[in-house]
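Report on the structure given below.
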Amino acid sequence: TVQVATTAFLGKFAIVYFNSAYNVTKMGIYSSSGSTIYAPSIIDANAGTDSRVAAASLRKDPYSNDELFVASWFDLSSSDIKAAVFNWSGSQITAPFTVESNANSTNKLIDLAGLNPLTNVSLCPGTFALGFTNYSGTSRFKTFYYDGTESDGSCPSTWVNISLDLNSWENYLRNSVHTIKLNVSCLASTCGNVTIDVYFQNSTETGTITP
């Protein structure tokens, strides 16, 4: 049985499918005109004799231009539901990980929710939800961050984008070492990494602050 799922993002779409002739799960990426961006490649070489697949778009944060997508599939060889995250060019962002172990191999039902690229409405930025049938036949769902860690479903209260225009200071800053101080306050439960991009005319300097 062939299983197919698709998801779209910014003039592109990804296709995830199971090929029962070879017991493999694959994914590929194409432009809206049908040209190949990333040729179909295997993401699970031993998925068993039957499977289900799902796909959804997502974004790291509200200000990210890097669209991602998550692929999920039922691995009958281990009775696990697995997922992996990729970017628009096909590069693996998060390696395959187990979403649910010892899942229901009779009722192999799974589905994903993330970002709707048409409305730009999503779950918490950088997260996705997977609905599935567990071993006892009960419908359940779990939420995860794009890095594969499980989420409790709560979202940060606000997202703030901070931009610094230092073009007029380029030569001054390039010729010696200086300290730029930023005071960032947030609740302990919602603090994450603060990434600072300083844009010059000919290059970009990037740094990360971990609270």
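Got a number for the accessible area of PHE13? Probe 1.4 Å, square angstrom, nearest 10.
70
Under 28 Å between alpha carbons, and skipping anything fewer than 8 positions from LYS26 in its own chain: which lysines qualify?
Result set, ordered by chain and number: LYS12, LYS60, LYS82, LYS108, LYS142.
Please give the solvent-accessible surface of THR36 in Å², to the nearest 10, using a probe radius of 1.4 Å with every protein chain present.
90
Please list the non-local residues whose amide H lies under 5 Å from the amide H of ILE37, H modeled 1.01 Å from N, same-chain partners needing a gap of 5 or more.
Amide H neighbours of ILE37: ILE29, TYR30, SER31.
May I have the extent of the alpha carbons of region 74-142 along their three principal axes, as whole Å values ordered from largest to smallest?
Its Cα atoms span 35, 24, 15 Å along the three principal axes.
Once the piece of chain linking SER77 and ASN120 is laid out straight, how much longer is it, given 0.36 nm per residue of separation minus the C-alpha distance between them? Write out the running numbers ahead of the final one.
Values: separation 43, 0.36 × 43 = 15.48 nm, distance 3.64 nm.
Taking 0.36 nm per residue and subtracting the Cα distance, the gain is 11.8 nm.
Please give the length that would be gained between SER154 and ASN102 if that part of the chain were fully extended, namely 0.36 nm times their separation in residues minus their C-alpha to C-alpha distance (nm, one decimal). If you can, show how the numbers build up before the last one.
On the way: separation 52, 0.36 × 52 = 18.72 nm, distance 2.67 nm.
Gain in length upon complete extension: 16.0 nm.
The values are calculated or read from the model by the stated rules, or taken from the named source; none is laboratory data. Computed from a predicted structure; not experimentally measured. Accessible surface areas use protein heavy atoms only, side chains included; no ligands, DNA or RNA. Shrake-Rupley method; radii C 1.70, N 1.55, O 1.52, S 1.80 Å.
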